[in-house]
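Here the structure is laid out as structure tokens; the discussion comes afterwards.
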Amino acid sequence: MSLTLRTISREQHLAYIQSLPAASHCQVPAWADVKSEWRSESLGWFDEQPGQLTKGGQLVGVGLVLYRQLPKVKRYLAYLPEGPVINWYAPNLDEWLQPMLRHLKQQGAFTVKMGPPVIIRRWDANTIKAGIADPDIKRLRDVEADFIEPRAFEVAERLRRMGWQQGEDGGAGFGDVQPRYVYQVPLENRSLDDILKNFNQLWRRNIKKAEKAGVQVIQGGYDDLPAWQQLYEITAVRDQFRPRPLSYFQRMWTKLNAEDANRMRLYLAVHEGEPVAAATMLTVGRHVWYSYGASANHKREVRPSNAMQWRMLRDAYAMGASVYDLRGISDSLDETDHLFGLIQFKVGTGGQAAEYLGEWDFPLNKLLHKALDIYMSRR
């Protein structure tokens, strides 16, 4: 394989993504429009074999780069969230990444951050439950995994040899920008009955309770985003995080669905005419993500969130998805940890926790990279 890298059009980028079974929603061209405060660029890797009929070579990989400028200096952080979309297991990984580093340096980048979409370990729900029950185990990483991908360790070693650096905490929770640990429900080659049977007893009871109480889960549209925002801001106060503005979700809806009419969906759980829970869902190929979730402080006893997740999962299944991704969890199995509730809620679906390789940095200017580290740690 003789690789070259160059800037490509959005159309080329999207066509390549559409040719794949799945890719991260952070690597579709429209994600650049969602992150409007960043400059963006689509990169393409081409295989130029001698005698090849395709002029300029065949497109074999893509990457969405987001550039954030340093204040008062024309130097940039170049970020490829959950990307690039390349052959990460290629033995010549440096031949993929070195041209990217050269190109980004020419674009004024002082450091490059990327998130290889490579899963390193998986833990089944029963394994996690056993870890939670063991008083000596406090972290998911301390539990023996049900599946380990040996090639992922080889990828990590190649990156280190090239000079890439992993975050100091190793991605132990939410140290990375994108979550290192996620929770997923496999859907492929399974029946809905089988999936529901793998939910724990509490989840199945709560789904029935919501149905009996008359909770209805409906698919909303753009005009329902203010109702979503109201619930989201209530959740932000309760869980003590800074909410994104309504304009962000309106832009997400408009830009993502302009690219693909089914890219983003909104679901509302309604009880007695009142929305009491809501969630956004994203789809790329056969991968479906539960993206953002929100709920009211009252009527929690009618279990709207369980009903909503079950509806979203069923819709993902009907769309032919291979996985329903509940996104980020912490790796903490300590019941006193404020993030423990995330894994406790998601493990009830009977799926799997997955650990990605985490985010990696390449300092092109060590002084500016260090300054960014200091700024981010203070922030």
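Since every read-out is calculated from the coordinates, none of them should be taken as a lab result. Note that the structure is predicted; figures quoted are calculated from it, not measured. Backbone-built Cβ (ideal geometry, glycine too); neighbour counts: all protein chains shown.
For this structure, a couple of remarks:
- Taking other Cβ atoms within 10 Å as a rough exposure proxy, 370, 129 sort from fewest to most as 370, 129.
- Long-range HN-HN contacts of residue 8 with modeled amide H, under 5 Å: 42, 43, 44
- Taking the C-alpha atoms only, the angle from helix 201-213 to the longest principal axis of the chain is near 60 degrees.
- Each helix, a run of at least 4 DSSP H residues, gives -39500 (n - 2.57); summed and divided by the residues of the chain, these come to -10500 deg cm²/dmol at 222 nm.
- Residue exposure sequence - 331, 47 - by fewest surrounding Cβ within 10 Å: 47, 331
- Using R0 = 25 Å, the C-beta based FRET efficiency linking residue 301 and residue 241 works out to 0.55.
- The mean sequence distance of close C-alpha pairs (under 8 Å, at least 6 residues apart), as a share of the length of segment 250-314, puts its relative contact order at 26 percent.
- 336, 7 arranged by Cβ crowding within 10 Å, fewest neighbours leading: 336, 7
- Structural descriptor for the chain: relative contact order 23 percent, calculated from alpha carbon pairs under 8 angstrom and at least 6 residues apart.
- Part-to-part distance (alpha-carbon centres) for segment 307-365 and segment 135-157, which is given in Å: 16
- Degrees separating the helix 366-378 axis from the principal Cα axis of the chain, which is the longest one: 10
- Sorted peptide list for 239-245, 66-72, 22-28, criterion being average Cβ within 10 angstrom, highest first: 22-28, 66-72, 239-245
- Computed from backbone phi, the HN-Hα couplings of segment 181-189 come to 9, 10, 10, 10, 10, x, 10, 5, 6 Hz, rounded to whole numbers (Karplus: 6.51 cos²θ - 1.76 cosθ + 1.60, θ = phi - 60°; Gly and Pro given as x).
- On Cα atoms only, tilt of 150-162 relative to the major axis of the chain in degrees: 40
- For segment 228-379, the relative contact order comes to 16 percent (Cα pairs under 8 Å, sequence separation of at least 6).
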